[in-house]
1. Hydrophobic (A, V, I, L, M, F, W, C) and more than 16 Å from the chain's Cα centre (by Cα): is that true of Val199 in this structure?
2. Considering His77, His49, His31, which residue is touching a Pro at 6+ places or on another chain (Cβ under 9 Å) and either surrounded by fewer than 17 Cβ atoms within 10 Å (Cβ to Cβ) or of a type in the set (Val, Ile, Thr) (or both)?
3. Filter the stretch 169-206 down to the residues that are open to solvent by less than 100 Å² (accessible area, probe 1.4 Å), under 30 Å from Arg131 (Cα atoms) and either free of Cβ contacts under 8 Å to residues at least 40 places away in the same chain or among the small types (Gly, Ala, Ser) (or both) and list them by number.
4. Can you find, within the stretch 120-141, the residue that is modelled with the lowest pLDDT among those that are of a type in the set (Lys, Arg) and surrounded by 13 or more Cβ atoms within 10 Å (Cβ to Cβ)?
5. Based on this model, can you work out whether Leu123 counts as within 12 Å of the ligand (Cβ to nearest atom) and more than 12 Å from Ser37 (Cβ to Cβ)?
6. What is the one condition in (1) over 15 Å from the mean Cα position of the chain (by Cα); (2) within 13 Å of the ligand (Cβ to nearest atom); (3) outside any helix (DSSP H, G or I) that Ile144 does not satisfy?
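The values are calculated or read from the model by the stated rules, or taken from the named source; none is laboratory data. These numbers were taken from a predicted model, which means no experiment stands behind them. Here Cβ is always computed from backbone atoms with ideal geometry, including for glycine, and neighbour counts include all displayed protein chains. Only protein heavy atoms, including side chains, enter the accessible area calculation; ligands, DNA and RNA are left aside. Shrake-Rupley method; radii C 1.70, N 1.55, O 1.52, S 1.80 Å.
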Amino acid sequence: MDYPGQLYVIAAPSGAGKSSLVKALLELDSHVHPSISHTTRPPRGQEKHGREYYFIATDEFDEMVKTNAFVEWASVHGKQYGTSKSIIEDRVSKGGDVILEIDYQGALQIRKIFSNAILIFILPPSWEELRSRLERRGEDTPEIIDLRLKNAALEVAQAKEFDFVIINELFDRALFDLKAIVHAQRLKFAAQLRARAPVFEALHIS
Ligand code: 5GP
C-alpha cells in the first residue's frame with residue numbers, strides 16, 4: 001500500500017548505537033514519530049511503560065499475536081517483541097513519518113507488508129568496539145553480553161538485505177547519514193508533489 005507518510009525501519013545489533021541515533025533524529029525532526037513496540041522483557045534502568053516500550057506479560061503478548069494486532073513480531077534474546085499494526089497505519093495514512101527500531105527479522109517482515117518502507121542497517125565499526133560499548137553501557141551481565149555478541153554475528157550478515165547501511169563510528173557522522181537518508185526521501189517526486197502542490201500546479205506539472 002502507498003501511504004503519504006514514510007516508514008523507516010532501523011535495525012542493528014545491540015550496542016551499535018541505534019537508539020541514540022533515532023533519539024537524536026526525533027529531537028531534530030518533528031515530522032518523524034517513533035513507533036513504540038510491545039515486549040515481554042522487563043524494563044531496564046530508567047525505561048518507562050509507554051515511552052521506550054509497552055512492557056506486557058507473556059499471555060497478553062500471545063493474545064495480541066492471536067488477534068493479529070502485530071504487523072510483525074519476533075523473539076529476540078529469548079524475549080518477545082512486536083510492532084502494533086494500528087499505530088503505524090494510523091500515522092503513515094495521515095502523512096506522518098514513522099521510525100521503527102526493530103531487529104532484522106522484524107525489518108524484513110515489515111518490508112513484505114509495507115513495500116515502500118526504507119530499511120536502514122546500523123553497523124558498529126568493529127567487534128572490539130561493539131563489545132566495549134556493551135560493557136560501558138553497564139546494563140547487561142557478562143553472560144547477556146556474550147549472547148548479544150553471538151546474535152550480533154548473525155544479525156550483521158543480514159545488512160545486505162537493507163536499502164542503506166550506516167557505520168556508526170563517529171556519532172555525528174552517523175547522524176548526518178541518517179538525516180541525509182530521511183531528507184532524500186522527501187525530495188522524491190511523489191513526496192515533493194504532495195508537500196509542494198502549489199508549486200507543481202503553478203508550473204503545470206502533474
Ligand atoms: P532491547 O531489549 O535491547 O531494547 O531490544 C532488543 C532487540 O529487539 C533490538 O534489536 C530491538 O531493536 C528489537 N526490537 C524492539 N522492538 C521490536 C519489535 O517490535 N519487533 C522486533 N522484531 N524487534 C524489536
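1. yes
2. His49 is the lone residue from the list that is touching a Pro at 6+ places or on another chain (Cβ under 9 Å) and either surrounded by fewer than 17 Cβ atoms within 10 Å (Cβ to Cβ) or of a type in the set (Val, Ile, Thr) (or both).
3. Answer for the stretch 169-206, where residues must be open to solvent by less than 100 Å² (accessible area, probe 1.4 Å), under 30 Å from Arg131 (Cα atoms) and either free of Cβ contacts under 8 Å to residues at least 40 places away in the same chain or among the small types (Gly, Ala, Ser) (or both): Ala174, Asp177, Ala180.
4. My answer is Arg137.
5. Against the criterion (within 12 Å of the ligand (Cβ to nearest atom) and more than 12 Å from Ser37 (Cβ to Cβ)), Leu123 does not qualify.
6. Answer for Ile144: the failing condition is (3).
Residue-by-condition table, conditions (1) in a strand (DSSP E or B); (2) touching a residue at least 40 places away in the same chain (Cβ under 8 Å):
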{"position": "Ile110", "(1), (2)": "no, yes"}
{"position": "Pro125", "(1), (2)": "no, yes"}
{"position": "Glu128", "(1), (2)": "no, no"}
{"position": "Ile166", "(1), (2)": "yes, yes"}
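Let's see how each residue does on (1) under 19 Å from Gly78 (Cα atoms); (2) free of Cβ contacts under 8 Å to residues at least 24 places away in the same chain:
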{"site": "Ala11", "(1), (2)": "yes, no"}
{"site": "Gly15", "(1), (2)": "yes, no"}
{"site": "Leu25", "(1), (2)": "no, no"}
{"site": "His33", "(1), (2)": "no, no"}
{"site": "Arg44", "(1), (2)": "yes, no"}
{"site": "Gly50", "(1), (2)": "no, yes"}
{"site": "Phe61", "(1), (2)": "yes, yes"}
